[in-house]
Amino acid sequence: MKSYNIHLIRHGETLEAKKGAYIGTTDVPLSQEGIDNLQRLDDICKYPFAQALFTSPLKRCKQTCEILYPNLKPIVIDQLSECCFGEWENKTAEQLKGDADFDKWLAGDTSVKPPRGESSADFTRRICLIFESIVAGLIKTGTTECAIVTHGGVIMTLLSVYGLPQAKPFDWVMENGCGYSIRINPMLWQRDKVSEVYRQIPIIPDDLQNEPEYDDYDIERDVYEDYDPEKDGWQSLKTDNENT
């Protein structure tokens, strides 16, 4: 039975995040250092082959796509955005120290959410709905290799929900420009909604011998050009978040 590989990649570094600020839906670009680091990783290692590319709509993700997958046109999906931190956006933990709700939220209290922001439950529901829709689209079109460029919080949450081995979100933490490859077996997915986490990204040179190349595939890279997302795919799953 055919399996489906999904490569989850965190965007490059931003100046604001390096300062320790909470940057969720704030639309900041990559820093120059972030751009340089991505290009260095791409030169030294290798990012996985992809037939289709999905991305968060935020600049830092779209810029990462342009650097790592310049020959693929990304499909922009709003629901792949990072969690909205509301009034905590652009503030550091030091600036929020003493805020009772922030302290509870930081301790993992899921009943608390940032003022005018998104709760952990709503965030998880949003990204799980869209991820399952993406998987359904891949299986329907027979697309066995795709990359998703998104945010650290999105990747950690998805892996904690669907990944094997099972682990908590912060066990899946990754650096900017890095991520994980997962493999989906349709039978296991249909039965248990689980996936195998089988390697880290990017791929070090010693592990490249079994990597597929574009020339190994007969299909066009723009396989989704004629795919109607409103009728058949992931974008039909709209999640209106009034807090964002």
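Read-outs: derived from the displayed coordinates by stated rules, not from any lab. Worth saying up front: this structure is predicted, and the values here are computed from it rather than measured. Note that we place each Cβ from the backbone using ideal geometry, even for glycine, and neighbour counts take in every protein chain shown.
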Q: Would you mind computing the Rg to Rh ratio of the range 16-91 from its alpha-carbon coordinates, Kirkwood style for Rh?
A: 1.00
Q) When the dipole is taken about the Cα centre of the range 4-236, and only Lys, Arg (+1) and Asp, Glu (-1) are charged at their Cβ, what size is it in debye, to the nearest 20? A) 720
Q: Nearest 5 is fine: what % of DSSP beta bridges in the range 4-236 come out antiparallel, could you say?
A: 50
Q. With a 10 Å Cβ neighbour count serving as the proxy for reagent exposure, in which order, fewest first, do 82, 94, 66 appear?
A. 94, 66, 82
Q: Please pull out the direction-averaged projected area of the range 4-236, using the convex hull of its alpha-carbon atoms, in nm² to one decimal place.
A: 13.0
(Q) Can you divide the C-alpha Rg of the range 1-137 by 2.2 N^0.38 Å and report the result to two decimal places? (A) 1.18
Q | Least to most buried among 53, 72 (fewest other Cβ within 10 Å first) | A | 72, 53
